[in-house]
Amino acid sequence: MGSFILRDIILEGHSKPGGIVCYNNIGNVLIENCIIKDFIVPNGIQMSVLHEYYNGIAIQSFAPTTILNSKIFNNQGVWTQDTDYLWDVYGNYYSSMGVVALTFITAPDQMDGNCEIDPNTGVLFRETYLGYYLPESLKPFDALLPILNDIKAIMAEDWALVRIPIFGYEPQPGDPPSAFYTDLWLGSYLMNNENLAINHGEMVVVHYIGTNDVEFKLGGENPNPPFTESYTRDMTKHFFFEEQLGYIPVFISMDLNQYEDGNKPTEIALFIDEVCKGAAVIKDGEIQLNAYITNSDDLSDDLKEVEFRLYFPAKSASSIVPEYAVFNLQTGVYESKTARVSDFKGFLRVQLTKTGEIPPPAATQLFQNYPNPFNPVTSIKYDLAETSQVRMDIFNVRGQLVKTLLNQEMQAGTHSVIWDGKDGQGRSVSSGVYFYRMSLPNKVLTNKMLLLK
């Protein structure tokens, strides 16, 4: 390695038989926010795990300015700044014997550009990558038990667990960030039934919401952690997609009893613009699908609709799911609607049902357009508690009619209509505040929006 900055990782030593010096070859490196661990060998000799190489010359110790905000642990797990621990030691060494390892996470900071805000709760969190170094697999909750109350999501390459927020929570002074979330986790059904586990050598991402820096041992203080079998995801054979570095988990519920034996679907896929963005094997009625939709910089992609398809091996064919419901994170209920990319706020929760099984909304209401401000396209969503004649008009600040988007009878349910920023003559309108009004036989609802070019 050369000219790198190492942050928030764990550096481990390597063993070579026959009394050869053991070290990591690292050159021109700034060690920052790292944990450097020492090993102990059977005869009690301490083995350094870090050795700096510069222009081919081994340096026996570091200058104090080389190590910033980092932790160096000896074989008793005690933090030390003694540079003797950074010296190479000759002697017999057996890999992974007596290793002491602590994981360190920095609390989220509003001034840190690497931290984000949960769009569902407004809680600040830090996305942190953790390496799993234990020799055997652990279930996620067992591995991360010391910090479980202070994380809101756990994401591995093949699976994710997401903590459900409390809908409509009103914080009280002094409430910790964890108060915004329940103790229920989406994906826990799969963890129990498919034995989800973190395997040796894997990396997981956690969304840390704690207010203090934390250091902990994977598996906690239990000297005999409840190790389990390793986990391997079953791959789809009909649907193909391109995996990317990041994904958004989609948690899907469906009733397989609606299908006859021998004609049940075995795979489900998510499509956007006829392109498969993720797929999963169906084993029972609870499925998690990873949607690889995080790498687009085109804001218009937010308005693109999401389509689900099922594969039926008995027919050797796939079919589009005609209707499904999306979980509303603000109200805590499922709504009959077609999801858009903008609905993916950390995760998406979907229920596949038979046509007509989704109950209509409890009340007729008009929602804030999205995005807002917008340029030049925006989506206006509304709920109808019953079938009704609906008219949707756009007005400028002078009260002049700009365009009528909709004027027809609509069925009960959740709907949306798109405005492209043009008037009734097809001309683009200027920046400014506009009003959209939904008129029904017994009700008129109005909201305002901002077109900003």
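Throughout, read-outs are computed from the coordinates displayed, never taken from laboratory work. Keep in mind that this is a model prediction, so the values were computed, not measured. Every residue, glycine among them, receives a Cβ derived from its backbone with ideal geometry; neighbour counts consider all protein chains shown.
Structure summary
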{"item": "Residue 418-residue 102 pseudo-label distance in nm [points 7 Å out on the Cα-to-Cβ vector]", "result": "5.5"}
{"item": "Where labels lie 7 Å past Cα in the beta-carbon direction, separation of residue 377 and residue 221 in nm", "result": "5.7"}
{"item": "Net charge contributed by nearby residues that have their C-beta within less than 12 Å of residue 313 (K/R +1, D/E -1)", "result": "+2"}
{"item": "Calculated FRET efficiency for the pair residue 261/residue 398, C-beta based, R₀ 56 Å, to 0.05", "result": "0.30"}
{"item": "Convex hull volume per residue for region 248-352, taking Cα atoms only, in Å³", "result": "99"}
{"item": "Dimensions (Å) - region 105-216, Cα atoms, principal axes, largest first", "result": "42, 28, 20"}
{"item": "Footprinting exposure proxy for 398, 233 (fewest neighbouring C-beta atoms within 10 Å first)", "result": "398, 233"}
{"item": "Distance between modelled label sites at residue 212 and residue 428, nm, 7 Å Cα→Cβ extension", "result": "5.5"}
{"item": "FRET efficiency for residue 443 and residue 274, using Cβ-Cβ distance with R0 set to 41 Å, rounded to 0.05", "result": "0.60"}
{"item": "FRET efficiency, residue 408 to residue 232 (Cβ-Cβ, R0 60 Å, nearest 0.05)", "result": "0.70"}
